[in-house]
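This report refers to the structure that appears directly beneath it.
Read-outs: derived from the displayed coordinates by stated rules, not from any lab. In this text the structure is predicted, and so the values were computed from the model without any measurement. All Cβ positions, glycine included, derive from the backbone under ideal geometry; neighbour counts span all protein chains shown.
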Amino acid sequence: MPGIVFDEIEAYIDGLANRGDPALRAVEDQGRKEEWPIVGAAEGSLLHILARSIRSKRILELGTAIGYSGTWLARALPPEGELVTVEWNPETAAIARRNFERTGVAKRVRIQVGSALDILPRLDGPFDLIFNDIDKQHYVEVLPHCIQKLRPGGLLVTDNVLWSGRVAKARRTKETEVIHEYNKRLAADPRFISVIVPLRDGVSIALRTSD
Ligand SMILES: C[S@@+](CC[C@H](N)C(=O)[O-])C[C@H]1O[C@@H](n2cnc3c(N)ncnc32)[C@H](O)[C@@H]1O
């Protein structure tokens, strides 16, 4: 993925990022070696900081992959907390399950295997933080469900919202247009204060300020 900030700045941020313990580093290494699209150490840390800052007890993640960002999030929870994470590929979910065991968070994590669009309406809310990192073409469709499941004072965090900078171009592909529409809807929603942080591929952070 081409970066949205200068390579040397990205490398600088990554070089100083907290990488957690050896177990989490092993999942990061697996992600790199096997080319999984994981968020990386800096964004993982950001997710952890956000979740912990608002004292999250229930977190929802859409897009588990191998459980890298999920581990960062689960480690921000108190012992009785819960991370629900949704992954539609059962083989990928099995890898994540092993990694959650490896990183010591499995007891706090419930993996839901299936499409986020099918699972979301059936989930009991509210959640303190929702991290959206599924296929970009579904971003606009999942948005109302995410809003409905998020408590006031909660955070909706979304990955890849700058899509290598393509959202800012005048001509956009269908996929880019969906992300742009998602960003516009969140920015215009009076229930949220939102901002895009140009970290990695762009991270949107939206605070739900009212019902
Ligand atoms: C970008 S990766 C997630 C990376 C992960 N958040 C991390 O950083 O460790 C997206 C994952 O979501 C899954 N996925 C994509 N669209 C989905 C959908 N609509 N419902 C459920 N899972 C989906 C993919 O199979 C993939 O494993």
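Put a dot 7 Å past the Cα of ARG32, heading toward its Cβ, do the same for ILE49, and the two dots end up 2.1 nm apart. Distance between the pseudo-spin-label points of VAL195 and LYS107 (7 Å out from Cα toward the beta carbon): 3.7 nm. Protection proxy ranking, highest mean first, for peptides 123-136, 170-183, 42-55: 123-136, 42-55, 170-183, where packing is the per-residue count of other beta-carbon atoms within 10 Å, averaged. With only Cα atoms counted, the chain has Rg and Dmax values of 16.1, 47 Å. Between the residues VAL39, GLY63, ILE193, the greatest Cα displacement towards the positive end of the dipole of the chain, with unit charges on the Cβ of Lys, Arg, Asp and Glu, is found for ILE193. Largest mean-square fluctuation among ALA188, ALA106, ALA23, in a Gaussian network model of the chain whose springs join Cα atoms under 10 Å apart, belongs to ALA188.
With both bridge residues required to lie in the chain, what share of the DSSP beta bridges run antiparallel, to the nearest 5%? Around 35 percent of the beta bridges assigned by DSSP in the chain are antiparallel ones.
Peptides 89-100, 74-85 ranked from most to least packed give 74-85, 89-100, packing being the mean of other C-beta atoms within 10 angstrom over each peptide's residues.
Per-peptide packing, taken as the mean over residues of other Cβ atoms within 10 Å, places 62-71, 108-117 in the sequence 62-71, 108-117 from highest down.
Using 0.36 nm per residue and subtracting the Cα-Cα separation, the extra length available between SER210 and ASP135 on full extension is 24.2 nm.
For the stretch 103-211, the dipole from Cβ point charges (+1 on Lys and Arg, -1 on Asp and Glu) about the Cα centre works out to 140 debye, to the nearest 20.
The string of couplings for the stretch 158-169 from the Karplus curve (6.51, -1.76, 1.60, θ = phi - 60°) is 10, 8, 6, 6, 9, 6, 6, x, 5, 4, 8, 7 Hz, one whole number per residue in order, with x for Gly and Pro. Determine the distance separating the Cα centre of the stretch 1-38 from the Cα centre of the stretch 56-130; give it in Å without decimals. Distance between centres, Cα-based: 20 Å.
Stokes-Einstein D for the stretch 105-178 at 4 °C, 1.567 mPa s, Kirkwood Rh over Cα pairs, in µm²/s? Translational D for this selection: 93 µm²/s.
Between ALA187 and LYS57, the modelled labels are 3.6 nm apart [label points 7 Å from Cα along Cα→Cβ]. Treating the Cα atoms of the stretch 66-160 as identical point scatterers in vacuum, please give the log10 of the normalised Debye intensity I(q)/I(0) at q = 0.10, 0.15, 0.18 Å⁻¹, two decimals. Taking Cα atoms of the stretch 66-160 as identical point scatterers yields -0.24, -0.57, -0.84. In this entry, the stretch 3-104 is assigned a mean projected area of 6.8 nm², taken as a quarter of its C-alpha convex hull surface.
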